[in-house]
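Presented below is the structure to which this report refers.
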Amino acid sequence: MAIFEEKSVVDANGKKTSVKGGIFSRVEMNSKGNTTCLGKRDVFNIKSEETCVVTPSTVVNNGK
Amino acid sequence: MATVTKKGIGPWRKTVVEHAGKTETFSGSAKVTEQNGAVCVTESGIFKSKEVCYLDKSAPSKGSALPDGQLVGKSKSISVELNNGEKRVYDSSITSINSMEKSGENVKVVKNGVFGSKVVDTIKANDIANIQSEDCNVCKSMNPIYKD
């Protein structure tokens with residue numbers, strides 16, 4: 001595992017959300033359904049920040 | 001949809017990602033994976049690692065577009081990811097081997113044993129996000145495009 005970690009999520013519109021970790025923190029990424037969350041935990045495993053990106057749904061044109 | 005292409009040779013090899021009208025370049029050794037429908041590119045070093053995941057608009061479930069009939073031939077292990085994030089793995093035993101078939105709205109996981117076949121699970125086709133197995137007729141069409 002690298003000392004300095006950076007994890008990013010780019011949404012369908014190209015918007016980038018990044019979280020950086022350092023010597024005393026690590027970055028985690030979790031996905032469930034249409035939501036992807038970036039979090040940061042310190043050396044005591046306490047989550048200090050979390051940013052979630054929700055994937056927008058495709059609009060289906062059913063011809064009506 | 002993110003399109004990942006490996007370009008160049010030797011030290012000039014690059015991993016190029018095209019997504020949402022933008023192009024981003026990574027080192028040639030960057031690892032490309034698929035995580036819950038997103039394409040993720042990871043550059044790993046001793047001191048620094050960088051991971052970028054590219055999301056796409058959530059399309060209507062791929063499962064509903066699956067054809068009727070056999071989806072997966074006799075496989076040692078079938079892994080199914082559902083739209084809610086749940087992952088189900090069906091491993092074969094010494095005396096049986098699993099397969100998967102779709103009939104109407106339902107997808108059945110079948111255990112084929114010495115004494116016949118038995119349905120071990122039934123899943124709504126609309127709930128299926130991804131299927132992975134060794135002998136899969138539909139896996140390629142369900143997984144993201146990866147050009148090398």
Relative contact order [Cα under 8 Å, 6+ residues apart], chain B, whole percent: 21 percent
Placed amide H near B:S27: partners under 5 Å, 5+ positions off or other chain: B:T15
Phi to ³J(HN,Hα) by Karplus 6.51 cos²θ - 1.76 cosθ + 1.60 over the range A:4-9, Hz, x for Gly, Pro: 9, 10, 9, 10, 9, 10
Cleavage-rule hits, GluC sites (Glu not before Pro), the range B:65-117, DSSP coil, Cβ neighbours within 10 Å at most 13: B:E86, B:E105
Cα centre as origin, Lys/Arg/Asp/Glu Cβ charges: the protein assembly as shown dipole, Debye: 300 debye
Anisotropy class of the range B:1-117 from Cα gyration tensor, a/c 1.5 cut: prolate
Share of pairwise Cα separations in the protein assembly as shown, more than 33 Å, in percent: 28 percent
In order through the range B:15-28: 3J(HN,Hα) via Karplus (6.51 cos²θ - 1.76 cosθ + 1.60), integer Hz, x for Gly, Pro: 9, 10, 10, 10, 7, 6, x, 10, 10, 10, 10, 10, 5, x
Two-site FRET efficiency, B:S29 against B:T3, from Cβ-Cβ distance with R₀ of 25 Å, rounded to 0.05: 0.85
Value of [θ]222 nm, deg cm²/dmol, for chain B, DSSP H segments ≥ 4, -39500 (n - 2.57) each, nearest 500: -500 deg cm²/dmol
Pairwise FRET efficiency - B:V114 versus B:R13, Cβ, R0 = 30 Å, nearest 0.05: 0.05
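Read the figures in this text as sums done on the coordinates, not as results from a lab. It should be emphasised that the depicted structure is a prediction, and the values quoted were computed from it without experimental measurement. Note that we place each Cβ from the backbone using ideal geometry, even for glycine, and neighbour counts take in every protein chain shown.
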